[in-house]
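J.: Attaching a single structure in structure tokens format; questions to follow.
The values are calculated or read from the model by the stated rules, or taken from the named source; none is laboratory data. All values reported here derive from a predicted model rather than from experimental measurement. Virtual Cβ from ideal backbone geometry, glycine too; neighbours counted across all protein chains shown. These area figures cover heavy atoms from the full protein model, side chains too; ligands, DNA and RNA do not enter into them. Shrake-Rupley method; radii C 1.70, N 1.55, O 1.52, S 1.80 Å.
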Amino acid sequence: MTAAAAKGIATRGFAVSGPEAKFEPFEFQRRELGPKDILIDILYSGICHSDIHQARAEWEPLIPSLYPMVPGHEIVGRVTKVGSEVTKFKDGDIAGIGCFVDSCRECGACHHGIEQYCIKGSAQTYNSTEMDRQTPTFGGYSKHYVIDEAYALNVNAPEEALPGVAPLLCAGITTYSPLKKWGVGPGKKVAIAGLGGLGHMGVKLAVAMGAEVTVLSTSPSKEEDAKKLGAHNFVNIRDDEARTAAAGSFDFILDTISANHDYNAYLSLLGLNGVMVIVGVPTEPAALNAFSLIGGNKVLAGSLIGGIPETQEMLDFCAKHGITSDIELIKPDYIDTAYDRTVKADVRYRFVIDMANA
Ligand code: NAP
Ligand code: ZN
């Protein structure tokens, strides 16, 4: 596959041409560097379940899938060229790219550094367009990215840690942001629902923040891992007895589940004034029983990734606490299999594509 050739920097990646297509090599162009742009040689690119939802058109019609699609929004790479006005990076630095690459820069959200909520809609790293609303964006399953330095992150980690840093750019910030906002810390009983890419980061971060952490999982085989990740307790959510025993016991639940599930069942595990934040995005709308909330004065909220300042804060927090993602490093010819395994909840705990050697 080849994209219509515009003038720019030739690169290549891996794309799908439709919801049922397999990944294929794809040649396309990145834009020439503007004064504030940096060119990144991509080293590692994580596979987020959002890549799967979009590559397989599971979020349509709310989020249309644009093909050819090069997914990937957990990107770590080396800066190889900088524009004349760049100040944050120099050649050889390691940079990260997360879920968006630009925004309007004028609205209240952009001014407050929560660009993911840009009132005009931020430019997503892939399956989107640049702010001209015309030029398609292609993601991190590729060799290079050109991005305005204001939307790239500084990564300070040893070379060997970089594969495990890539997933922080989405899974890390998506869990860090609500844990921090809702005051997770010492004395709080926190549950992480779903032990996948997001969930295992949620466990590590909530433990580092000082909370008592329980994993709510459909996979009893993950109990040992949950403990190794630092969780204090594990509940097999499909075991009626174990679930009933946990009723009313949490201050906070972070729901990272990718598949359709019954929110009411999870809300029943919150105590008085408990809060559940949804970050997982199942494909179907769910039925909510009002009694699930009103009985215990409970809060049900949502959260979308995090802005640039908070993403930098999260990377620095992880560096300080020695936190990276547990990963399985794969070659691009394994992406289709990695997708199938992720959907089966058979990922421990993030697939990362070795783009450096692709
Ligand atoms: P993932 O690695 O596939 O993990 C999802 C986990 O959900 C699975 O490992 C599994 O954990 C659990 N699960 C799967 N099917 C289930 C079911 N039927 N009932 C209960 N639990 C089930 O996915 P991910 O990359 O962490 O992403 C999770 C979700 O978050 C996706 O929908 C993704 O699109 C979304 N997301 C949202 C944001 C945001 O900003 N809000 C950002 C990134 C991703 P167990 O084996 O432990 O049950
Ligand atoms: Zn993601």
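J.: Among the residues of region 276-303, which ones are within 15 Å of ligand 1 (Cβ to nearest atom) and surrounded by 16 or more Cβ atoms within 10 Å (Cβ to Cβ)?
T.: Listed by number, the residues that qualify are Met276, Val277, Ile278, Val279, Gly280, Val281, Pro282, Leu300, Ser303.
J.: Another question, then. For region 238-256, name all the residues that are open to solvent by 30 Å² or more (accessible area, probe 1.4 Å) and either charged (D, E, K, R) or under 21 Å from Trp182 (Cα atoms) (or both).
T.: Correct list: Arg238, Asp239, Asp240, Glu241, Arg243, Ala247, Gly248, Ser249, Asp251.
J.: Might you let me know whether region 119-130 holds any residue that is within 30 Å of Pro19 (Cα to Cα), surrounded by fewer than 18 Cβ atoms within 10 Å (Cβ to Cβ), among the small types (Gly, Ala, Ser) and in the same structural domain as Pro19 (by TED's automatic domain parsing)?
T.: Checking region 119-130: at least one residue is within 30 Å of Pro19 (Cα to Cα), surrounded by fewer than 18 Cβ atoms within 10 Å (Cβ to Cβ), among the small types (Gly, Ala, Ser) and in the same structural domain as Pro19 (by TED's automatic domain parsing).
J.: Working carefully through the options Asp102, Asp91, find the one that is in contact with a strand residue (DSSP E or B) (Cβ under 8 Å, 6 or more places away or on another chain), under 23 Å from Pro167 (Cβ atoms), acidic (Asp, Glu) and surrounded by fewer than 23 Cβ atoms within 10 Å (Cβ to Cβ).
T.: Working: Asp91 fails: under 23 Å from Pro167 (Cβ atoms).
After applying the criteria, what remains is Asp102.
J.: Here is a further query. Scan Ala157, Ala152 and give me the residue that is open to solvent by 20 Å² or more (accessible area, probe 1.4 Å), touching a residue at least 60 places away in the same chain (Cβ under 8 Å) and within 21 Å of Lys81 (Cα to Cα).
T.: Within the list Ala157, Ala152, the selection yields Ala157.
J.: Can I ask one more? Part of a strand (DSSP E or B) and within 13 Å of ligand 2 (Cβ to nearest atom), is that true of Ser45? So that I can check it myself, show each step before the final result.
T.: Numbers: part of a strand (DSSP E or B): yes; within 13 Å of ligand 2 (Cβ to nearest atom): yes.
Considered against the rule, which asks whether it is part of a strand (DSSP E or B) and within 13 Å of ligand 2 (Cβ to nearest atom), Ser45 comes out as yes.
J.: Could you list, in sequence order, all residues of region 197-232 that are within 16 Å of ligand 2 (Cβ to nearest atom) and in contact with a His (Cβ under 7 Å, 6 or more places away or on another chain)?
T.: Gly197
J.: Does Lys204 satisfy the criteria of being surrounded by fewer than 24 Cβ atoms within 10 Å (Cβ to Cβ) and in a helix (DSSP H, G or I)?
T.: Considered against the rule, which asks whether it is surrounded by fewer than 24 Cβ atoms within 10 Å (Cβ to Cβ) and in a helix (DSSP H, G or I), Lys204 comes out as no.
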